[in-house]
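Undergrad: Have a look at this one before I ask anything.
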Amino acid sequence: MLNFALVTGASLLWLGLMFAAALHAEHRPALGARHWRHVYALSLAVHCTSWTFYGTVTQAARHGWPLPPTFVGAILLYALGVGIMLRLVRLARDSNATSLADLIATRLGKDAWLAATVTLVVALGLIPYIALQLKAVAMGFSLLAAAPGGDAPAWQDSALYVAIVLAVFAILFGARNARATEHNRGLVFAMALESVFKLLAMLAIGAWVWLKLGDGPALAPPRTDVAPGGFAPLVALGALAMFILPHQFHVAVVECRDERHVQTARWLFPLYLVLIALPVLPIARAGVAWLGDAVPTDLYILALPLSQGSEALALFGYLGGLSAATGMVVVSTLALSLMVGNHWFAPGLLRGAWGRGDAGDLSGSVLTLRRTGIVAVMLLAWAYSRVIAGSEALADVGAVSFSALATLAPSLGFALWRPQTSARAATAGILAGFATWAWVLLLPLLGAPGDLAPAGLAWLSPDGFFGLTGWTRLGRAVGSSLFVGTLATVVLAASWSAAPRRTSRGLDLATLRAASQRFLPRERVARLLDGVESSGPVPAEAEERVERELAAVLGAASARVLLDAARRESGDLETVATIVGQASADLRFNQRVLEAALRNMSQGISVVDADLRLVAWNPRYAQIFGFPADLLQVGRPIADLARWAMRGIDFAGDIERALQRRLAFMRAGTPHLSERVLPDGSIIEIRGNPMPGGGFVATFTDVTEFRRAERALIEANETLEQRVASRTADLEVAKREAERANHAKSRFLAAIGHDLMQPLHAAQLFTDALADELESPRHRATVAQVRGALESTTDLLTGLLDMSRLEAGGLVPQPREFALSEVLEPLASEFRAIAAARGLAFGFVPTRAWTRTDPQLLRRILQNFLANAVRYTPAGGIALGVRRAGGMLRIEVHDTGPGIAPDQQRAIFEEFRRGPDAPGEGLGLGLSIADRIAHLLEAPLALRSRIGRGTVFSVDLPRVAPRVMETSAQRPAGSLAGLKVLALDNDPSALAALRALLERWGCEVVTAADRDAALLACERFDTDAWLFDFHLDRGDTGVGVAQALATRVGARPTLILSADPGEEVRACVRDAGHPLLAKPLKPLALKSTLDRLIAARERPPAIVG
């Protein structure tokens, strides 16, 4: 394990070196100029992301592919289809396209909606791929430096800080200039440098694996237990990725300075892919051989050197993966931010700025949009890596991302070879193809059933789409999405004609210059418009030059939006007078409506200006206070009106002081609220509020009826409170009486349960011991019948007592985290013997999974399941095992019984309900009790059954991380011979029966009836294990005796027995850390528990998980 600071410092140092190299290349244009074709070819290796370091190893481990299929597709494209790349380079250069969305929109009519749709698909497809890079770097960082991963809180997630650092570097690398088509020499040089670095890292680890691990364990062959991922669709995606991945398009097309460089890349880039893929298969096989499943296959490339102590090499490999992720993230976020800024936000920016008449330089706003887009994309990718992609292998995330972006291939094809295609048809084709991809691939990945058939049409289900059932899901998604997208575009293009190409907008020189100078330097605009006449419309050639230059900053579609907005403004001046006249008429109408509303309002209203002089009022205001007509005049000081009103209501107190206080509120612009009682008894609420710019509005509301109703409610509430208090006291008394009765019932159930179970416990143990001592078959058969009768009696009493405790609320779960094997293995041992006695096979699949629940109550549920399976299965077998279901664990009990009819499957969980042909005795309480306990544990039960085939009962539990488990035991399984046991019980018959059973197993048994006898026995004899009854005489308990003995002679493996299943007993035993077995005991359960106790003492702990 490496130091956290060392790994962090090395990462930042390498990223700093990359940025320094980019700056150096920018400031020294001559650097590498003679060999720039090789620099360009090496920069194409930005395609080899951290997925190459981690995900391809997983592919090789799964399928044994010596060369990743996506690399095969890329090699085939450059070998056989290099003409496509040359055509893309020429078209992008001619149209000044800055991105994939820009090129498609430019070729298909410069449609803003088409560009926005392409950007949407790119964002949805690329964010998972960026998340893959973050996840890969974070996984490697966590492995090297033991840093928290995706399961940690957000602020401790190393992927968050990786995303922040990479966002900063993306902004520094590519978002420093508004003009996106200027070739970024520094970016290309840095990508070439990181390509060489990651190639050296991969080859170094491959050579180390070959030389260092060659004499180790035989390299494992590829795994065969993994379903094939589909070689052919991945090859197709690899070829399409060369021009549909935004970062690949940017480096290969936008940054291409000379078409001849593509010819160099034709042989150098495939050679690079072959070299970097050479070590992948040896690393994968060595990882399977040396590490197996102990480490995720994605991390073999780092875990192998770490496991052999080569920490420096592991750090070198990690930096190679970081370099690969940085290159892809920087270029892809740059490309995606360009598309988002140009095709989502820029149109709104343009229309809003033009509508406001903002003639300033907006290039800074464009840069801000791009930088904000970079940060938003990185944060979204981090959220995806944390919430959605946390459980997916890197290879799978890459395939999902590639296939989503492949839905753009048909629209790009139409843009290249049929530019007359309607933009609306292309947009619809993209949406149709993407929807098909989401239906066939994404929906099943999110948990939807693969056989989901709309309207019952199986050929439309995700796994049977178009009848391609023999294809892999990835191949079906890629093929069907490309077909549907192409077909939809062709069909709609035949119906929708393309928009006519505009030759000139008729802009004048001043308007065009004002529009272009918002985003372009003044000197550049002057050169573009040099020689254009100042009067009359600008020639189409000059307008096209300006639009092409604007496209380098805003994208072609947004450049068209800008110039269209300029044209509309120049044509709208003549309508200004009409608009102003209409606005004046509307204002006069609104004024009349407002006056009518004020006259008819039930509230009085007065308005004063900033000098506290009356400017408006309504008739209700004059009516409330009875103002004389000559007093209400515009410009009258409000102080005169307030003074007159206060005198009219016989104001108690100093009128002038109260008046000055109210005027101070109004001058300060402070809202106020008060009430006044008029001489006629009516109550007026006065509410004042300031107006913007000075002045005050006051409303006067008659609240007389409201206050009367309020007083009546208060009086009713006072009497109601008295009645409620009286009823509450009565209810409290009744509640205490009910609680006392319930406690008494619980104590009665516990006592009767203990007293009934103790003799049954002794009888069962004596019967079991007697059965092994009888040789006569007839006598043994009689004893077996007695044993069966006792077990039936025990089951009946246990069911009745459990049902009583459930009804009384006496069962309270005591959850804890534990290994499921603690419950399942004893049950398996017990019921394996019972099944064998009935001639049934019993299968059990061990598990190392952990859960959190109450183990005793879980055992009760599973006992009922297994008992029913044994009782109702005449022939065949029973199986017990655990499955994973998402984040849950599902324990299942299978049988080959007669099955349960669908109409009976709900009824069997009711009390006193048994199957119509149920053999033997029973009350029909088992499944009802199991169902109620499952509700207490919040563990859902489930039932599947087929008549004549059998039944499956299951219970779902939460899955938790494993803790400490045990390795192999020293004592032979099932052997208790020679074990020295101290047995403690205050019931002589139960103690004698227990002693007889243990001695029959070969144990040396010392018995005691109380604490003193137990202490004396431990001083005389050295015992290996203690079996103590919980309830002893004089209020003593087995847990207390075990603590006393542990203090005196040291702790021993201790098993507590009790016929009292109450919550106090279970909690006491659980807190002491001892296992608990309920009486009456079943010998097999006792023996299995003793085996586990002794094995746990004899073997050292080991961490598993």
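The values are calculated or read from the model by the stated rules, or taken from the named source; none is laboratory data. Here the structure is a predicted model, which means the values were calculated and not measured. FYI the Cβ positions are ideal-geometry reconstructions off the backbone, even for glycines, and counts take in every protein chain you see.
Undergrad: Quickly run through segment 1-36 and pick out the residues that are among the polar types (S, T, N, Q) and either exposed (fewer than 12 other Cβ atoms within 10 Å of the Cβ) or more than 21 Å from Val331 (Cβ to Cβ) (or both).
TA: Looking only at segment 1-36, we keep the residues that are among the polar types (S, T, N, Q), and these are 3, 8, 11.
Result: Asn3, Thr8.
Undergrad: When you go through (1) in contact with a Gly (Cβ under 9 Å, 6 or more places away or on another chain); (2) modelled with pLDDT of 85 or more; (3) more than 24 Å from Ser829 (Cβ to Cβ) one by one for Asp1024, which number turns out not to apply?
TA: (3)
Undergrad: Report yes if some residue within segment 892-910 is within 25 Å of Val812 (Cα to Cα), of a type in the set (S, T, N, Q), at pLDDT below 90 and surrounded by 13 or more Cβ atoms within 10 Å (Cβ to Cβ); otherwise report no.
TA: no
Undergrad: Which is in the same structural domain as Thr297 (by TED's automatic domain parsing), more than 17 Å from Gly55 (Cβ to Cβ) and at pLDDT below 80, of Arg185, Arg179?
TA: Numbers: Arg185 fails: at pLDDT below 80.
Sole residue among the options that is in the same structural domain as Thr297 (by TED's automatic domain parsing), more than 17 Å from Gly55 (Cβ to Cβ) and at pLDDT below 80: Arg179.
Undergrad: Condition test on Ser43, is it assigned by TED's automatic domain parsing to the domain that holds Ala239, under 30 Å from Tyr300 (Cβ atoms) and surrounded by 13 or more Cβ atoms within 10 Å (Cβ to Cβ)?
TA: Yes: the conditions hold for Ser43.
Undergrad: Sticking with this one: On the given criteria, is Val72 assigned to a helix (DSSP H, G or I), of a type outside the set (Lys, Arg) and more than 30 Å from Ala289 (Cβ to Cβ)?
TA: Criteria not met by Val72.
Undergrad: Quick check on segment 71-91: of everything there that is of a type in the set (Gly, Ala, Ser) and either closer than 18 Å to Thr56 by Cβ or in contact with a Lys or Arg (Cβ under 8 Å, 6 or more places away or on another chain) (or both), which residue is surrounded by the most Cβ atoms within 10 Å (Cβ to Cβ)?
TA: Within segment 71-91, the match that is surrounded by the most Cβ atoms within 10 Å (Cβ to Cβ) is Ala74.
Let's see how each residue does on (1) at negative phi; (2) in a strand (DSSP E or B); (3) modelled with pLDDT under 90:
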position: Val812; (1), (2), (3): yes, no, yes
position: Pro826; (1), (2), (3): yes, no, yes
position: Ser829; (1), (2), (3): yes, no, yes
position: Gly843; (1), (2), (3): yes, yes, no
position: Thr847; (1), (2), (3): yes, no, no
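Undergrad: If you go through segment 875-901 one residue at a time, how many are in contact (Cβ under 8 Å) with a residue 40 or more places away in the chain and farther than 30 Å from Pro962 by Cα?
TA: Count: 8.
For every residue, the table says whether it meets (1) in contact with a strand residue (DSSP E or B) (Cβ under 7 Å, 6 or more places away or on another chain); (2) closer than 22 Å to Ala1042 by Cβ; (3) modelled with pLDDT under 85.
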position	(1), (2), (3)
Asp931	yes, no, no
His935	no, no, no
Pro940	yes, no, no
Leu943	yes, no, no
Arg949	no, no, no
Arg963	yes, no, yes
Ala983	yes, yes, no
Asn986	yes, yes, no
Ser989	no, no, yes
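Undergrad: Among the residues that make up segment 679-688, is at least one of them closer than 16 Å to Phe625 by Cβ and touching a residue at least 40 places away in the same chain (Cβ under 8 Å)?
TA: yes
Undergrad: Quick one: which residue in Val1065, Val1041, Val955, Val1049 is crowded, with 20+ Cβ neighbours inside 10 Å and free of Cβ contacts under 8 Å to residues at least 40 places away in the same chain?
TA: None of the other options fit; the residue is Val1065.
Undergrad: Can I ask one more? How many residues does segment 382-409 hold that are at pLDDT 75 or above and either closer than 29 Å to Trp65 by Cα or within 11 Å of the chain's Cα centre (by Cα) (or both)?
TA: Residues in segment 382-409 being at pLDDT 75 or above and either closer than 29 Å to Trp65 by Cα or within 11 Å of the chain's Cα centre (by Cα) (or both): 13 in total.
Undergrad: Could you tell me whether Ala152 is at pLDDT below 80 and surrounded by 24 or more Cβ atoms within 10 Å (Cβ to Cβ)?
TA: Criteria not met by Ala152.
Undergrad: I've got another one for you. Look through segment 1032-1086, keep the residues that are outside any helix (DSSP H, G or I), farther than 18 Å from Arg816 by Cβ and among the aliphatic types (A, V, I, L, M), and return whichever of them is farthest from the chain's Cα centre (by Cα).
TA: Leu1032
Undergrad: Only residues in segment 426-437 that are closer than 9 Å to Thr117 by Cβ and touching a residue at least 40 places away in the same chain (Cβ under 8 Å) count as the first member; pair them with residues that are charged (D, E, K, R) and surrounded by fewer than 24 Cβ atoms within 10 Å (Cβ to Cβ), Cβ under 9 angstrom, at least 6 apart or cross-chain, and list the lot.
TA: Ala426/Asp111; Thr427/Asp111
Undergrad: Can we say Arg647 is exposed (fewer than 14 other Cβ atoms within 10 Å of the Cβ) and touching a helix residue (DSSP H, G or I) at 6+ places or on another chain (Cβ under 8 Å)?
TA: Taking the combined requirement at face value, the residue satisfies it.
Undergrad: Moving on. Looking at Arg107, is it at pLDDT 80 or above, among the basic types (Lys, Arg) and closer than 23 Å to Phe402 by Cβ?
TA: no
Undergrad: Can Gly309 be described as in a helix (DSSP H, G or I) and without any contact (Cβ under 8 Å) to a residue 60 or more places away in the chain?
TA: no
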